[in-house]
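The values are calculated or read from the model by the stated rules, or taken from the named source; none is laboratory data. It should be emphasised that the depicted structure is a prediction, and the values quoted were computed from it without experimental measurement. Note: ideal-geometry Cβ built from the backbone for every residue, glycine included; neighbour counts use all protein chains shown.
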């Protein structure tokens, strides 16, 4: 009997240690206080730093979406120094866990909270109703409150500029896109990429393959391989890893980086990276709170505000095409260039924008159809 | 014909990872041990292999490191469940969670790294044949190793004395013990072999199949490999068949999407899982066959004293 008890104890201890280790390493909660020990004994004259928290949907090491957000957070810290104190929780699933994590952020005294994925929307709205003294910033959503507002980036501008290069570089006149999840944002990017390509090469068609996931590197690679097998020679993706670029590199074809600069992942395949720079918005939002000018609004920033760009364009791209991309970038910056300007025809042959008509943001938010030149059909439910 | 040849090639490539991991788990389970830690072992092996590849530039060293890392994880698991008799399912789950976190932790500085240009392989002479060349003879050696492994494992389990002992341990450890076989040592060896093969599969993913490292990059392949052993009723040839089937339907549904077939992509995404389960359930629908092949002491602890 004694032996049995001892064995049980050892067994429990063993399991416990393993579980504790898993818990320690597994949930990546990290605080990055500007001056941990100093704050406690700081002279009273100095104002308390503004506490800012970020909830990320993925790991900061994803080299894509969350990585870009975290770069924005670091830029914000560099800008304001010890006037702010930031922290983040990564890999927060879109679900009830998000509410628990964000409520915890409020309880820890954070006065400005960023939620960086669509799925946090309703939880943030609920918490915002309970804590009027805290400001909530929600990325890619559409619901607001007196202390909650939304922000997003015009990723389709980067997709369009990439498309211009793709249209000029393709030899088979077949482009391939690895789509993540069929929501309007992604469909808009596929269309914009194709519009860009058609602006320099009317013969181009785009094949689309959906993986129905944001992040699954082996699967993204398989989808890319499938597109290459079917004759696509320039690839583009709306998924979160660099797997598509690396698949093109392996096959000796061409591709782009997405969300952050991925040029070093495919020295031969990489044509350019469509990046998102969240720093300008994060700095603006923080300044609004520090100066008391924060008010509810919806922000959709693009090339104009420095939030979107196409960077590290390859030397392989001919000079006239590089010049064209530069002209488009400059035009977007000063607001004189419109990507979604008629005539644009849908896949079914119906005109979606009349000649000269410019799409407004409401139109852009509701794109759930393919334009002419994109093959396949939009998956149901989008 | 060319696209079909490429589709066959992609199928074999996609099935290889699953086959290797699943064969490893089959060895475990034939000895009566269920290791739910496959996902974690594969992740730790993926970062170990990738890091070794980055530092040495040698793919075979990277595979060795991956297999070693998988075996090391399996050793931890083996000591817990075989000597301390902890619950296999709980320990396996803990190992998986630990592997997910641990690989992310040690892999932070490798997310921006890149391996050099990937080598290309082909079998001289055969690779230039029309159709069969691109379909069957331009693969990475690991694709052929997986096939050889299946044959060797089938021979080992059903034709060799050591295989008989391994199966005896999985059927009735008490009887094997009574006959004088070191049950615990045999189980540990099986667990180590399983871990090493899962590790090999993990390293193959991060070094050759999708040459990069990002945390969580195995993305559930370990769990699929676990399910595959059960659906294949613990028979090596069926594991390979199931793995190719899963890889094939995955690639086929991407191909159909690219061809603009009018089927919802969500449905197509579901297809590999559905097709694999249906086919393997159909060929294994005989209950007696399942009973005969399922290791009778699967998941049960063994106390030599009792």
(request) Looking at (1) modelled with pLDDT under 90; (2) away from every other protein chain (no Cβ under 14 Å), find the lone condition where residue B:144 falls short. (result) (1)
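Here's the yes/no breakdown for (1) in a helix (DSSP H, G or I); (2) modelled with pLDDT of 90 or more; (3) touching a helix residue (DSSP H, G or I) at 6+ places or on another chain (Cβ under 7 Å); (4) within 14 Å of chain B (Cβ to nearest Cβ):
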residue	(1), (2), (3), (4)
A:274	no, yes, yes, no
A:287	yes, yes, no, no
A:313	no, yes, yes, no
A:321	yes, yes, yes, no
A:325	yes, yes, yes, no
A:355	no, yes, no, no
A:382	no, no, yes, yes
(message) If I filter the range A:193-226 down to residues being within 12 Å of another protein chain (Cβ to nearest Cβ) and closer than 27 Å to residue A:320 by Cβ, which single residue comes out as surrounded by the most Cβ atoms within 10 Å (Cβ to Cβ)?
(response) A:206
(request) Look at the range B:108-150 and say how many of its residues are over 30 Å from residue A:59 (Cα atoms) and either in a loop (DSSP other than H, G, I, E, B) or in contact with a strand residue (DSSP E or B) (Cβ under 9 Å, 6 or more places away or on another chain) (or both). (result) 14
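Rundown of residues vs (1) touching a strand residue (DSSP E or B) at 6+ places or on another chain (Cβ under 8 Å); (2) buried (at least 22 other Cβ atoms within 10 Å of the Cβ); (3) at pLDDT 95 or above, yes/no style:
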{"residue": "B:7", "(1), (2), (3)": "no, no, no"}
{"residue": "B:10", "(1), (2), (3)": "no, yes, no"}
{"residue": "B:47", "(1), (2), (3)": "no, yes, yes"}
{"residue": "B:51", "(1), (2), (3)": "no, no, yes"}
(request) Within the range A:156-177, work out how many residues are within 14 Å of another protein chain (Cβ to nearest Cβ), surrounded by fewer than 24 Cβ atoms within 10 Å (Cβ to Cβ) and either in a strand (DSSP E or B) or touching a helix residue (DSSP H, G or I) at 6+ places or on another chain (Cβ under 7 Å) (or both). (result) 1
(request) Answer yes or no as to whether residue A:378 is within 14 Å of chain B (Cβ to nearest Cβ) and at pLDDT below 95. (result) yes
(message) Given the criteria under 13 Å from the mean Cα position of the chain (by Cα), in contact (Cβ under 8 Å) with a residue 40 or more places away in the chain and surrounded by fewer than 24 Cβ atoms within 10 Å (Cβ to Cβ), does residue B:36 qualify?
(response) yes
(request) Would you mind stating whether residue A:180 is without any contact (Cβ under 8 Å) to a residue 24 or more places away in the chain and within 14 Å of another protein chain (Cβ to nearest Cβ)? (result) no
(message) For the list (1) touching a strand residue (DSSP E or B) at 6+ places or on another chain (Cβ under 7 Å); (2) at pLDDT 95 or above; (3) closer than 24 Å to residue B:2 by Cα, I need the number of the one condition that residue A:203 fails.
(response) (1)
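Only one residue in B:226, B:241, B:274 is in a helix (DSSP H, G or I) and over 17 Å from the mean Cα position of the chain (by Cα). Which one?
Details: B:226 fails: over 17 Å from the mean Cα position of the chain (by Cα); B:241 fails: over 17 Å from the mean Cα position of the chain (by Cα).
Unique residue meeting the criteria: B:274.
Look through B:203, B:196, B:219 and report the one residue that is modelled with pLDDT of 95 or more, within 14 Å of chain A (Cβ to nearest Cβ) and either touching a helix residue (DSSP H, G or I) at 6+ places or on another chain (Cβ under 6 Å) or buried (at least 21 other Cβ atoms within 10 Å of the Cβ) (or both). Give the derivation first.
Working: B:196 fails: within 14 Å of chain A (Cβ to nearest Cβ); B:219 fails: modelled with pLDDT of 95 or more.
After ruling out the rest, the residue left standing is B:203.
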(message) If I ask for residues that are without any contact (Cβ under 8 Å) to a residue 60 or more places away in the chain, more than 7 Å from chain B (Cβ to nearest Cβ) and either more than 12 Å from residue A:314 (Cα to Cα) or under 16 Å from the mean Cα position of the chain (by Cα) (or both), which ones from the range A:250-272 would you list?
(response) A:251, A:252, A:253, A:257, A:261
(message) Restricting to the range A:227-249, give me the number of residues that are at the interface with chain B (Cβ under 7 Å from one of its Cβ atoms) and either closer than 19 Å to residue A:262 by Cβ or surrounded by 24 or more Cβ atoms within 10 Å (Cβ to Cβ) (or both).
(response) 5
(request) Could you name every one of the strands (runs of 3 or more DSSP E) located completely within the range A:60-155 that has at least 2 residues being surrounded by fewer than 21 Cβ atoms within 10 Å (Cβ to Cβ)? (result) A:84-89
(message) Condition first: touching a strand residue (DSSP E or B) at 6+ places or on another chain (Cβ under 7 Å) and closer than 23 Å to residue A:247 by Cβ. Now tell me which residues in the range A:122-172 satisfy that.
(response) A:155, A:158, A:159, A:161, A:162, A:165, A:166, A:169, A:170
